[in-house]
Amino acid sequence: MVDGISGAMSRIAEIQALIASFQPTPTQRATVVTSTGSSTAAAPRTSTTSATSGLTFASTLSQSIATSTSASLTGTALTGSSLTGTASTATITKGLRTAAGVPLELAKYGNGEIPAAALSSIGQGSHTMWAPAAQAYQTLRAAAARDGVTIEATDSYRPYEQQVDLAQRKGLYSQGGLAAKPGTSEHGWGLSLDLDLNTKALTWMRAHAKDYGFSENVPREPWHWTFTT
């Protein structure tokens, strides 16, 4: 999409250059050949009326292009880039991730090293997540409640030290345990939640969680849900 926007802006620049070429140059003069074969410079051929008309046309068309472009880009969110339009911060931000799916705004800290100020509350206890994920979870939970389903979080963002402790107590997932290798956990990026789900709640999550950006993406762990949008 970024390439598309760049191409559009380049095309606009070409159009504006073409418009500029329509504008008459006051210093242009015609060469008149006399009966003796010599040439002289005639007076400028442009009139005030034609010059004004050209400038008015160019100005109007240029403004029209700018207005149209602004209207089409306002509020647009781009992957790898952002535009300051009317889109919400969460909408703009959630597209900014590395190739591995790590939010760019958090990648600079490192897995499990994210400061509290860079995370947001999910509205349950002291649990926190990446802001767009926290917002999406609260929306999901409210929707579930309207359907008579209760969803509670038991774990969210997990600092590195907690990842180490969990691996020591429950073993590595790659070795049949339940913990990711410390420094690689999705919890360490503020993207995942562990949920307390009864049969009704699990059924609801499997039917609706994707509508809010969450996926059940770890086999053997139906309680583990990750914000993947």
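The values are calculated or read from the model by the stated rules, or taken from the named source; none is laboratory data. Model, not experiment: these values are computed from the prediction. We place every Cβ from the backbone using ideal geometry, glycine too, and count neighbours over all the protein chains shown.
Quick rundown of the values:
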| quantity | calculated |
| --- | --- |
| Residue check for Leu202: part of a helix (DSSP H, G or I) and under 18 Å from Thr139 (Cα atoms) | yes |
| The stretch 78-129, residues that are hydroxyl-bearing (Ser, Thr, Tyr) and modelled with pLDDT of 95 or more | Tyr109, Ser120, Ser121, Ser126, Thr128 |
| Residue match in the stretch 172-186 (condition: surrounded by fewer than 16 Cβ atoms within 10 Å (Cβ to Cβ), in a helix (DSSP H, G or I) and among the acidic types (Asp, Glu)) | no |
| Where Leu202 falls short, out of the listed (1) under 23 Å from Leu119 (Cβ atoms); (2) touching a strand residue (DSSP E or B) at 6+ places or on another chain (Cβ under 9 Å) | (1) |
| Output for the stretch 160-218, where each listed residue is touching a residue at least 24 places away in the same chain (Cβ under 8 Å), of a type in the set (A, V, I, L, M) and more than 16 Å from Trp130 (Cα to Cα) | Leu178, Leu195, Leu197, Ala201, Met205, Ala209, Val218 |
